[in-house]
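Okay, structure first, notes after.
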């Protein structure tokens, strides 16, 4: 069996880092990527093949993919789209530019990388594209509208890709994690402070509660799992002869998937508004 190659985005910490290290130890030819040069250096120090990749820059995407393909004789077995961040804040307080920035990273960058990978997979006659969505890709929560919208978009794009690529022998899979212990809150806090005028908002009380949650060093959700939970689902998606269309990871994701099917929308809104 030849070594399988995989390109992973968002490997500076959390889900992407754990996946890269685990798959490398499992014998995969892993190409880990991160936006910052210092994070790439850290990945390389851990023994990974790593490249800088800015998902908001089309030239960076093209250059990084070219570097990867130069090491794989022009082939790529798997793509794991994972790199993303969360922009908190009420939608009325969020500038359109901040919303665009959220989509540039979480949606448009993924789309650009994926559309460049698809011809490679079509030429070789196989491939799998794994998209890391979220429980917030199918249920919405207040003050997370930008992230909600970006993940809802990923869900729609992924469902469409799955239909379009079925005859090309390219599987397209969604991972839907709930709360995972990572640097997500740290990055969300930076985005919150950068784009939201907390002091002059009518949501100041709610924002202060959000700030307390984001600044906490400990997960505030008792259902929070470690990144290994996502990696385990990823491995199944990569190695199963018939991968699932969706992998619902963590108890909240599984519960809300059931509630969304069973409850009237107003009842579900009531539950989500309390979150």
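Here, each number is a calculation from the coordinates, and none is a lab measurement. Model, not experiment: these values are computed from the prediction. As a convention, Cβ positions derive from the backbone with ideal geometry for all residues, glycine included, and neighbour counts pool all protein chains shown.
Side notes on the structure shown:
- Residues in the range 161-198 that a label on residue 115 would reach, taking backbone N under 20 Å of a point 7 Å out along Cα→Cβ: 161-168, 170-173
- Helix 58-70 and the long axis of the chain differ in direction by around 40°, with both axes built from C-alpha atoms.
- Cα gyration tensor shape of the range 144-206, rounded if a/c is under 1.5, else prolate or oblate by comparing a/b with b/c: prolate
- Largest first and in whole Å, the equivalent-ellipsoid semi-axes of the range 193-272 read 32, 20, 12, each the square root of five times a Cα gyration tensor eigenvalue.
- Folded to 0 to 90 degrees: helix 184-195 orientation relative to the chain principal axis, Cα: 60 degrees
- The range 1-68-the range 83-107 distance, computed between alpha-carbon centres (Å): 24 Å
- Linear extension gain, residue 95 paired with residue 44, 0.36 nm per residue minus alpha-carbon span: 14.7 nm
- With the simple model of a label 7 Å out from the Cα in the direction of the Cβ, residue 168 to residue 104 spans 2.7 nm.
- Distant alpha-carbon pairs in the range 15-60 (separation over 11 angstrom), percent: 64 percent
- Sites residue 221 and residue 123 - FRET efficiency at Förster radius 35 Å, r taken between beta-carbons, to 0.05: 0.20
- Whole-number percent relative contact order across the range 9-58, with pairs defined as alpha carbons under 8 Å at least 6 apart: 34 percent
- Distance from the range 219-275 to the range 191-212 (C-alpha centre basis), Å: 27 Å
- Expressed as a fraction of 2.2 N^0.38 Å, the value expected for a compact globular protein of N residues, the C-alpha radius of gyration of the range 58-161 is 1.20.
- Measuring r between the beta carbons of residue 25 and residue 271 and using R0 = 30 Å, the FRET efficiency lands at 0.15.
- Our summary of shape: the Cα atoms of the range 76-119 have principal axis extents of 42, 14, 9 Å, ordered from largest down, in whole angstrom.
- 4 °C / 1.567 mPa s Stokes-Einstein diffusion coefficient of the chain, Kirkwood radius on C-alpha pairs, µm²/s: 67 µm²/s
- With respect to the chain, whose longest principal axis is taken over its alpha-carbon atoms, helix 145-164 is tilted by about 30°.
- One chain, two ends: residue 190 and residue 140. Fully extended at 0.36 nm per residue, the span grows by 15.9 nm beyond their Cα-Cα distance.
- Pair residue 242, residue 37: separation of 7 Å Cα→Cβ label points (nm): 5.0 nm
- Cα point-scatterer Debye curve for the range 128-275, base-10 log of I(q)/I(0) at q = 0.09, 0.21 Å⁻¹: -0.33, -1.42
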